[in-house]
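Report on one structure; see the data block that follows.
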Amino acid sequence: MRKGFWLILLLNICVLLAGCGIAEDKIVNISDRHSKPSVSLTFFGNKVEPGNVKAIETILNKYMQLHPEVQISYESLKGNEYFKILETRLRSGNGDDIFIIDHDRLLAFEEKGYLAELSDVQGMDALAPVALQQLQAEKGYFYMPTSISALGLFCNLDLLKKYKQTVPKDWQEFTASCAFFDEQGILPLVVNKDLSLATVILSGGWNEYYLNGQAEMLCGRINSGELQVGESLHRGVQMAQALCLYTDTEAALQSNKNSDDYKIFAKGQSPFMLTGAWNTGRLKQLRPDFAFGVYPYPLCGDGAILMLNIDTRMAVNADSPHLAEAKKFLSFFAQKENMELYAASQNSFSSLRGSSVLPDKEQQPLSEALRSGRIMLGSDDRIKVPIWSRAFSAGQAILRRQPLEKVDDILDAET
């Protein structure tokens, strides 16, 4: 055991207790501590993968060695249950000092006054322009972005070579290649029920706005009600529906992101998969017997586009009894060495200015796309509707072959 800190990793939360949201927990006592700290911070997150946890452990260890008066316990829970418990704790007044949120929770939590303003956290001025732009879309800095994730088209390069196909560069090439493999009796595309079609909807519907410098105008029209979400995403919905011809929709409805889709793709029986680029490391661990690469989404008429998402947004509880100490920890986390360590564990870009390289060689086409500037955001903070969750639900409706009117209703939902 390493000396000098406590790191408590709480997993497998089964039954929600009133007020605090903890029941039967698996507690791993990583280390011992001989001096009693005067400040105890709790950090609640949804990052449970070994690589992510190891990076967090390293950063916490370094901080507590520098600040022996502080103890930080990290608790994590995967999936939608995490956000349910997080909101229950905050609503009951028993929220953690530090926690992770997403775009949709940012909108709700900011309105309810759960989030501390973080403009005084050191390091915010070193953020990449795209991350700063997102923060400045709010009335204040209510989270700290620690990584920028990318979505990508995974391509089985050996299968493409065998059938004399190339990596698709635009929508026409993508659908033509899918049709070709379908004619050969090969399932062209692997998707999951969560983000695969959701990101097709968003990218297909909005990519032209971003490429033409009209994203600000798009967001303003949606926020004012001048443009309905469903109307703005109509082309993306049609593209998602078209891709359903080339995937196993029943399997997709059972296939969760980050757990099932890349395992199916690893069998080497399909040329394409749409999912998060962070699955690169997970796929490599399965040792597939084919070469693969991860490429920008070929969903434009004149090329491909890289879809980014401001990920792992760390927030501080506005009612924390240790507000200053929690902000001080975020300032430490924002240091270049820590941000890059954590982003690499996520297979994501760092949120810092000048970071344009992903860790794996298979992801280099995404790094090149970022440097080229052909990018868009999956959940843009300038849009004041919970677009991420609506797109997820719309994607699942498309997998179930529900009519266009139903999909539009989901995208235009008021709640």
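The values are calculated or read from the model by the stated rules, or taken from the named source; none is laboratory data. These figures come from a predicted structure and were not determined experimentally. Backbone-built Cβ (ideal geometry, glycine too); neighbour counts: all protein chains shown. To get the accessible areas, we keep the full protein, side chains included, count just its heavy atoms, and leave off ligands, DNA and RNA. Shrake-Rupley method; radii C 1.70, N 1.55, O 1.52, S 1.80 Å.
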- request: Give me a count of the residues in the range 100-159 that are in a loop (DSSP other than H, G, I, E, B), buried (at least 18 other Cβ atoms within 10 Å of the Cβ) and of a type in the set (Lys, Arg).
  value: 0
statement: Residue pairs qualifying under the 6 Å Cβ cut-off, at least six apart or on distinct chains, with the first in the range 393-410 being under 20 Å from residue 254 (Cβ atoms) and the second being open to solvent by 10 Å² or more (accessible area, probe 1.4 Å) and in a helix (DSSP H, G or I), are 393/410; 394/410; 397/406; 397/410; 398/241; 399/249; 399/253
query: Considering the range 89-99 alone, what residues qualify as being open to solvent by 30 Å² or more (accessible area, probe 1.4 Å) and either over 28 Å from residue 411 (Cβ atoms) or of a type in the set (S, T, N, Q) (or both)?
result: 92, 93, 94
statement: Scanning the range 392-406 for residues that are among the aliphatic types (A, V, I, L, M) and at pLDDT below 95 gives 404
- request: Kindly indicate whether residue 186 is aliphatic (A, V, I, L, M) and open to solvent by less than 10 Å² (accessible area, probe 1.4 Å).
  value: no
- request: Among the helices (runs of 4 or more DSSP H) lying completely within the range 343-415, list those that include at least 2 residues that are within 25 Å of residue 295 (Cα to Cα) and either out of contact with any helix residue (DSSP H, G or I) (no Cβ under 9 Å at 6 or more places or on another chain) or open to solvent by 30 Å² or more (accessible area, probe 1.4 Å) (or both).
  value: 364-372, 387-399
- request: Considering each residue of the range 187-212, count those that are acidic (Asp, Glu) and under 19 Å from the mean Cα position of the chain (by Cα), and give that number.
  value: 1
